[in-house]
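In what follows, a single structure is set out as structure tokens and then discussed.
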Amino acid sequence: MGLTGTALAIDAGNSKTDVALVDTDGTVLGTARGGGFQPPVVGAGRAVDVLAPLVASVLAQAGTDGPVDQVSAYLANADLPVEEAGLTEEITRRGWARTVTVGNDTFALLRAGLPDGGEPLGVAVVCGAGINAAGLGHGGATARFPAIGRISGDWGGGAFLADEALWFAARAEDGRGEPSDLAHALPAHFGLTTMPELIAALHLRDIPEQRRHELTPVLFDVATAGDDVARAIIARQAEEVVLLAAVALERLDLLSEPTPVILGGGVLAAKHPLLHDGVTRLLAERAPKAVPQVVTAPPVLG
């Protein structure tokens, strides 16, 4: 018959996925963590296949094979209504629960940072592997962005910052751009000495594509040491985070009242002083009544 009064909470991000089985009183009955969720790369069906062993694990921890009452799945790359519909269909077809709710994972971050009780009001900006924002206003109003990449106007996120660092480092080394310590620090991270060596290693896959994200912390280290080029990249990221938050607040008519702005994702949750201080300063200028809050708890909590 399955479990009644229980729900599967799924937070599937670009780089990792958390699944939890919870009871109505909030008791956690099982948890599991897996890899990234990328339906644009592998298709909706195969992306949901990746969730299956995680769901099976948490159900086994509770001594059942399901179904449960509810699946609440907040997923990266569920950016357009047609994508949400397709993923809802895929998850419903698995029979994990009697009812299924699917939304973008930014709403999970928002809920994780908002207090219990009362009308949910606030904006969340996630800057992890990618970047996105979403908000909830009075009367259930929502603000969202397509968040599909450069074609939808996006700038930033960990993967993007790594590529920006590589772009500026390459130009610093060959003379097309300003001098920057990035030209030495990025190849040194992989035990290399020059940017041409690093470029060749990435192009020929001697360094796997999935390791490129390791360059984002290097960018922050170089910026902290005072490199002007690296600092300018971090400053631009702060501007984009605040721009997303301020536009969402404006759409929801929340600029004139104290409103939580929840900041999360690996890049923002790290609270690098250059980025964090830039975000808080610019947010105070653009949206003085906004109340920024960094959430480090797993968004599956939401």
Given (1) in contact with a Leu (Cβ under 6 Å, 6 or more places away or on another chain); (2) assigned to a strand (DSSP E or B), residue 58 misses just (2)
Odd one out for residue 25 among (1) at pLDDT 85 or above; (2) of a type in the set (Asp, Glu); (3) open to solvent by 20 Å² or more (accessible area, probe 1.4 Å): (1)
Report yes if residue 50 is buried (at least 23 other Cβ atoms within 10 Å of the Cβ), assigned to a helix (DSSP H, G or I) and under 22 Å from the mean Cα position of the chain (by Cα), otherwise no. no
Any residue at all in the range 267-275 that's touching a residue at least 40 places away in the same chain (Cβ under 8 Å), touching a helix residue (DSSP H, G or I) at 6+ places or on another chain (Cβ under 8 Å), outside the structural domain of residue 25 (by the TED database) and under 21 Å from residue 183 (Cα atoms)? yes
The range 276-299: number of residues that are outside any loop (DSSP other than H, G, I, E, B) and either out of contact with any Ser or Thr (no Cβ under 8 Å at 6 or more places or on another chain) or outside the structural domain of residue 255 (by the TED database) (or both): 14
Going by what's in this entry, would residue 141 be described as crowded, with 23+ Cβ neighbours inside 10 Å and aliphatic (A, V, I, L, M)? no
In the range 105-125, what count of residues is obtained for those that are modelled with pLDDT of 95 or more and either open to solvent by 20 Å² or more (accessible area, probe 1.4 Å) or at positive phi (or both)? 2
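Can you tell me which residue is farthest from residue 150 (Cα to Cα) among those in the range 245-257 that are open to solvent by 30 Å² or more (accessible area, probe 1.4 Å) and of a type outside the set (S, T, N, Q)?
Ranking the qualifying residues of the range 245-257, first place goes to 257.
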I want to confirm something. Restricting to the range 227-244 and keeping residues that are small (Gly, Ala, Ser) and touching a residue at least 24 places away in the same chain (Cβ under 8 Å), which single residue is surrounded by the fewest Cβ atoms within 10 Å (Cβ to Cβ)? 235
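Would you say residue 224 is among the polar types (S, T, N, Q) and open to solvent by 40 Å² or more (accessible area, probe 1.4 Å)?
Numbers: among the polar types (S, T, N, Q): yes; open to solvent by 40 Å² or more (accessible area, probe 1.4 Å): yes.
Criteria met by residue 224.
Take the residues of the range 74-104 that are part of a helix (DSSP H, G or I) and charged (D, E, K, R): which is surrounded by the most Cβ atoms within 10 Å (Cβ to Cβ)?
So in the range 74-104, the residues part of a helix (DSSP H, G or I) come out as 81-93.
Now drop any that are not charged (D, E, K, R), which leaves 83-84, 89-90, 93.
Numbers: 83: 18, 84: 17, 89: 14, 90: 21, 93: 11.
Filtering first and then ranking leaves 90.
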May I ask you to verify whether residue 188 is more than 26 Å from the chain's Cα centre (by Cα) and farther than 30 Å from residue 119 by Cβ? yes
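Limited to the range 265-302, what total is found for residues that are within 30 Å of residue 25 (Cα to Cα) and either surrounded by 14 or more Cβ atoms within 10 Å (Cβ to Cβ) or at pLDDT below 95 (or both)? Full working, then the answer.
In the first step, residues of the range 265-302 are kept if they are within 30 Å of residue 25 (Cα to Cα); the result is 265-266, 269, 291-302.
Then drop every residue that is not either surrounded by 14 or more Cβ atoms within 10 Å (Cβ to Cβ) or at pLDDT below 95 (or both), which leaves 265-266, 269, 292-302.
Looking only at that region, the number is 14.
Just to be sure before I move on: is residue 71 open to solvent by 10 Å² or more (accessible area, probe 1.4 Å) and either in the same structural domain as residue 126 (by the TED database) or not small (Gly, Ala, Ser) (or both) in the structure I sent?
On the way: open to solvent by 10 Å² or more (accessible area, probe 1.4 Å): no; either in the same structural domain as residue 126 (by the TED database) or not small (Gly, Ala, Ser) (or both): yes.
When the stated conditions are applied, residue 71 does not pass them.
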Looking at the range 165-191, which of its residues are open to solvent by 40 Å² or more (accessible area, probe 1.4 Å) and not in a loop (DSSP other than H, G, I, E, B)? 167, 168, 171, 173, 174, 184, 188, 189
Tell me, which residue of the range 144-160 that is of a type outside the set (A, V, I, L, M, F, W, C) and open to solvent by less than 50 Å² (accessible area, probe 1.4 Å) is farthest from residue 252 (Cα to Cα)? 158
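The values are calculated or read from the model by the stated rules, or taken from the named source; none is laboratory data. Computed from a predicted structure; not experimentally measured. When we count neighbours, we look across all protein chains shown, and the Cβ atoms used for this are built from the backbone with ideal geometry, even at glycine. SASA here: full protein model, heavy atoms, side chains in, ligands and nucleic acids out. Shrake-Rupley method; radii C 1.70, N 1.55, O 1.52, S 1.80 Å.
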